[in-house]
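Data first, discussion second: the structure below is written as structure tokens.
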Amino acid sequence: MAKIIVVTSGKGGVGKTTTSASFATGLAMRGHKTAVIDFDVGLRNLDLIMGCERRVVFDFVNVIHGEATLRQALIKDKQHDNLFILAASQTRDKDALTADGVGRVLDELAKDFDYIVCDSPAGIEKGAHLAMYYADEALVVTNPEVSSVRDSDRVLGLLASKTRRAETGNGRVKEHLVLTRYNPARVQKGEMLSVDDVREILAIPLLGVIPESPAVLSSSNAGVPVIANKDSDAGRAYEDLVARFLGEPREHRFIAPEKKGLLGRLFGT
């Protein structure tokens, strides 16, 4: 039976879709058959980051409304045979998603996949609620700034009370913290919250710290999840995150400022 993981946060623009793409790709790279679903009906960005936007014929809403089969709508990743993408609709609104319809699609996927990754839209409205409702685990993505952390705290409240697990008394959704766009030098200057600050506020286990990196934007523009960029700090950080999720011990990197060499200390570079 597949494990369903929602990638969520209250605030937009924190890196949920980037995280969903790299997380799903990382699971597939480690041999797990993985499907990643875009729940952001009306916008649809996951297919762009996964580099398959021109191959979208049918979408998630088409499957829910019986206008296409799941087999027709799933897009097989060109790089990984065990990775599949289910795109969101750009032409419908969020009311096109229904709890029963989402449940049917997830049940059908669960027969063939090890992991199902649900890329949640921003906010706490219907699309975000349906993305988390059936989840077994959650990656709560936040930036090291007060408004982002506060919104993530609200999402933790929903995960504890508004999911199928909460309603049936079948345990809690297992929560993991993913801290994105982290810049240790700015933390040192007091311009960002520290890892410890965020952990103290949200009080959930830290799964990964993703450093601020130009590779994230360049990878997105190229239609390649940044985890595939082995030369970037962000790519290596996502690789560590996936390893930790699968139970492999990995030290957290990219948390402390880089140590300057002698010339750097002398000239302040």
- Task: Please give the FRET efficiency for Glu53 paired with Arg253, using the beta carbon to beta carbon distance and R0 = 22 Å, rounded to the nearest 0.05.
- Result: 0.10
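First compute the accessible area of segment 3-249 with a 1.4 Å probe, then give the percent of it belonging to carbon and sulfur atoms.
On the way: 4790 of 10540 Å².
It is 45 percent, rounded to a whole number.
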- Per the helix-only calculation at 222 nm, which mean residue ellipticity applies to the chain, given -39500 (n - 2.57) for every DSSP H run of n ≥ 4 and division by its residues, nearest 500 deg cm²/dmol? -11000 deg cm²/dmol
- Per-residue ³J(HN,Hα) for segment 2-8, Karplus 6.51 cos²θ - 1.76 cosθ + 1.60, θ = phi - 60°, Hz, x for Gly and Pro: 5, 9, 9, 10, 9, 9, 9
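So if each residue of separation counts as 0.36 nm, and I subtract the Cα-Cα distance between Asn183 and Leu246, what length gain in nm does that give?
On the way: separation 63, 0.36 × 63 = 22.68 nm, distance 2.59 nm.
Roughly 20.1 nm would be gained on extension.
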- What percent antiparallel are the DSSP beta bridges of the chain, to the nearest 5? 5
- Residue span Arg71 to Thr98: 0.36 nm per residue of separation minus Cα-Cα distance leaves a gain in nm of 7.7 nm
- Item | Label-point separation in nm, Asp112 to Ala203, each point 7 Å along Cα→Cβ | 4.3
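List the residue ranges in the chain for DSSP H helices whose C-alpha atoms run 20 angstrom or more along the long axis and whose Kyte-Doolittle average is 1.6 or above. Display every interim value, and only then the final one.
Details: long enough: 146-161 (23 Å, 0.39).
Both cut-offs are met by no helix.
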- Query: Can you give the FRET efficiency for Arg150 and Gln79, using 1/(1 + (r/R0)^6), R0 = 41 Å, r = Cβ-Cβ distance, to the nearest 0.05?
  - Reply: 0.65
- Task: Any chance you could check the Cα centroid distance between segment 58-111 and segment 161-238 for me, in angstrom?
- Result: 26
- Item | Mean accessible surface per residue for segment 3-249, computed with a 1.4 Å probe while every protein chain stays in place, in Å² | 43
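The values are calculated or read from the model by the stated rules, or taken from the named source; none is laboratory data. This structure is a prediction, so every number in the text was calculated from the model and none was measured. Here Cβ is always computed from backbone atoms with ideal geometry, including for glycine, and neighbour counts include all displayed protein chains. Accessible surface is based on the protein model in full, side chains and every heavy atom, while ligands, DNA and RNA are left aside. Shrake-Rupley method; radii C 1.70, N 1.55, O 1.52, S 1.80 Å.
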